[in-house]
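Enquirer: Quick one: structure below, then a few questions.
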Amino acid sequence: MSFTTPVWDMAAFVWINQTARHEVLDAVMPVISQQVWLWLLLAAMVTMILVRAGARRLLPLLCILLAVGVADLSTSMLKDAFGRVRPLNAVAETHHLDEGRWNQHPATFLQTKERGSSFPSAHAANSMVVAVLLMAYRRELRPWMLLLPLLVGYSRVYLGKHYPSDVLAGWLLGLALAMAFLPLGIRLRAWALRNPARPLRLFPARAVHTVSGPITLSPLRPQSSSKPQSA
């Protein structure tokens with residue numbers, strides 16, 4: 001299954017990738033495009049929850065990880081079905097990174113592949129899943145967490161990896177999956193609130209007590225035995 005790139009899609013791609021360029025963006029966009037930021041964000045959330053609330057409050061984050069896994073699998077299947085070639089392999093004068101350096105195809109560049117993995121964007125889908133579910137569980141993150149999928153999606157077009165329609169499709173898929181997993185996450189969060197766990201402690205004395213028994217610094221004293229008094 002394939003489709004022709006719409007006029008608006010190509011015009012938006014050319015503007016982002018070829019016209020609206022700046023040396024600052026050339027340095028920043030490759031960094032933003034790295035999915036490692038998603039995992040660092042989730043790792044920070046895990047650490048904060050463990051320290052403040054306990055392990056059971058991690059259940060909603062497990063729901064997020066499951067949703068990201070489904071999003072990644074879904075985008076992979078759709079990419080195989082559509083086979084859309086990435087713009088860096090199809091569009092002349094596209095700016096792209098080659099071994100860490102920016103290059104631009106010549107005006108005479110011709111498409112080099114018959115099939116590709118452009119539609120939809122997995123980066124856009126995964127970042128949208130994480131942003132929506134985190135905002136649902138942590139109100140203080142609203143609406144700033146939406147900057148994550150917006151910046152990630154823009155970076156994918158800037159790098160020549162995706163058309164804007166690839167990013168839009170990824171966002172919609174991520175949003176749909178986030179809404180599908182949200183009820184499960186809410187139930188897990190409610191259960192964790194009803195059954196709180198102890199927060200993580202740097203010196204878990206209670207764990208030592210559980211393993212080795214109570215510790216006392218006072219010397220042992222023999223127990224006094226009471227003998228029946230003779231009449």
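The values are calculated or read from the model by the stated rules, or taken from the named source; none is laboratory data. As the structure is a prediction and not an experimental result, all values here were calculated from the model. Here the Cβ is made from the backbone with ideal geometry for all residues, glycine too, and neighbour counts use every protein chain on show. Side chains are part of the model used for accessible areas, which takes the heavy atoms of the whole protein and leaves out ligands, DNA and RNA. Shrake-Rupley method; radii C 1.70, N 1.55, O 1.52, S 1.80 Å.
Enquirer: Could you rank Arg84, Arg189 by how accessible they are, 1.4 Å probe, largest area first?
Expert: Arg189, Arg84
Enquirer: Classify the stretch 93-177 as rounded, prolate or oblate, taking a ≥ b ≥ c as the square roots of the eigenvalues of its Cα gyration tensor: rounded when a/c is under 1.5, otherwise prolate if a/b is larger than b/c and oblate if not.
Expert: prolate
Enquirer: On a 1.4 Å probe surface of the protein chains, which of Lys113, Lys161, Lys79 comes out largest in accessible area, and what is the full order?
Expert: The residues order as Lys113, Lys161, Lys79, largest area first.
Enquirer: A further question on this structure: Pulled fully out, how much extra length does the chain show between Ala81 and Phe3, if you take 0.36 nm times their separation in residues and subtract their Cα-Cα distance?
Expert: 26.9 nm
Enquirer: Once label points are set 7 Å from the Cα along Cα→Cβ at both Leu110 and Leu62, what is their separation, rounded to one decimal in nm?
Expert: Spacing of the two 7 Å Cα→Cβ label points: 5.5 nm.
Enquirer: Taking a probe of 1.4 angstrom, what is the accessible area of Met29 in Å², to the nearest 10?
Expert: Near enough 10 Å² of accessible area.
Enquirer: Nearest 0.05, what FRET efficiency do Trp191 and Trp37 give at R0 = 30 Å with Cβ-Cβ as r?
Expert: Once rounded, the FRET efficiency stands at 0.50.
Enquirer: I need the P(r) histogram for the stretch 1-47: all alpha carbon pairs, bin width 10 Å from 0 out to the longest distance, whole percents.
Expert: 20, 28, 29, 19, 4
Enquirer: Hey, another quick one. Suppose each label sits 7 Å from its Cα in the direction of the beta carbon; what would the Ala92-Thr19 distance come out to in nanometres?
Expert: 1.8 nm
Enquirer: Taking a 1.4 Å probe, which of Glu114, Glu23 shows the most accessible area, and what order do the others take after it?
Expert: Largest to smallest exposure gives the sequence Glu114, Glu23.
Enquirer: Counting just the Cα atoms, what span does the stretch 84-143 cover along each of its three principal axes? Round to the nearest Å and put the largest first.
Expert: Principal-axis extents of the stretch 84-143 (Cα, largest first): 51, 25, 18 Å.
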